[in-house]
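The values are calculated or read from the model by the stated rules, or taken from the named source; none is laboratory data. In this text the structure is predicted, and so the values were computed from the model without any measurement. Reconstructed Cβ throughout: ideal geometry from the backbone, glycine too, with neighbour counts over all protein chains shown.
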Amino acid sequence: MSNIFHLLFHPLSNAIMTVLTGVTALYWLTTFITGDLFGDAGVDGDAHLSGADLDTDVDSTNDAGGDKSVVQSALEFVNIGKVPFMVVYSVFKFIAWIITLTSSIFLGLTSWGWKSVIILVPVLFVAYLITAYATKPLVKVYEAMGYNGEESQDLMGRIAKMKSAISGDKIGAAELKVQSDIIRINVKSKTGESIGYDADVMITGESADKKFYLVVPDINLSNIV
């Protein structure tokens, strides 16, 4: 038993992954007790928005927002969206934990001390690739359960602040707060009128291809006086 305990927490790389995996196990235990085992709880930190794409780097051309971000593509690769985020995240951490423990045995990482954390870089990359295949069977399971992705947030009627100037058919960026998160979205002037940087706008619709939102200047007491 003492040998197993020593392996779980030595060297430092093992300790880090053991603690992270333990936190995940505690999450699922709590979720099981509260009766939300197959729900989407625990993803509040991410605002999942329906419709137009999100983009943090918006071009000034009409093609802005047409390409997926690197982060979005990386998440889709491991089937996030088809399988709940916390399920994929848990599978990823469990695989990374097993690889870390195994590598510490075969590579003799105990003598590395704190430098053993270096092994986590390739371990996490390999775990990411394996997760993509390990979660494929779960895609069919959640499809059979009627899972249609994370709960979306309706942005219609919300107020956002422009982070670039737009006019005509030009697509720019705007930011708004959803729950506790600051979200950046692709936007276009609904009427084609000029809307300046830092102006408040109201989201009134979205494009047919769901690549951007349509906005109009927000009218309030501060900008009509």
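Annotations for the structure displayed:
- Residues satisfying the stated conditions in region 164-204, i.e. in a loop (DSSP other than H, G, I, E, B), more than 15 Å from ASP218 (Cα to Cα) and either of a type in the set (D, E, K, R) or modelled with pLDDT of 90 or more (or both): SER164, SER167, GLY168, ASP169, LYS170
- Search result, residues across region 107-138 that are farther than 17 Å from VAL88 by Cβ and exposed (fewer than 14 other Cβ atoms within 10 Å of the Cβ): LEU107, GLY108, SER111, GLY113, TRP114, LYS115, ILE118, VAL121, PRO122
- The single condition among (1) part of a loop (DSSP other than H, G, I, E, B); (2) farther than 20 Å from GLY205 by Cβ that VAL141 does not meet is (1).
- Selection from region 174-204 of residues that are within 15 Å of SER164 (Cα to Cα) and basic (Lys, Arg): ARG184, LYS188
- Residue ID - surrounded by the fewest Cβ atoms within 10 Å (Cβ to Cβ), chosen from residues in region 78-106 that are over 15 Å from ALA15 (Cα atoms) and out of contact with any Ser or Thr (no Cβ under 9 Å at 6 or more places or on another chain): PHE106
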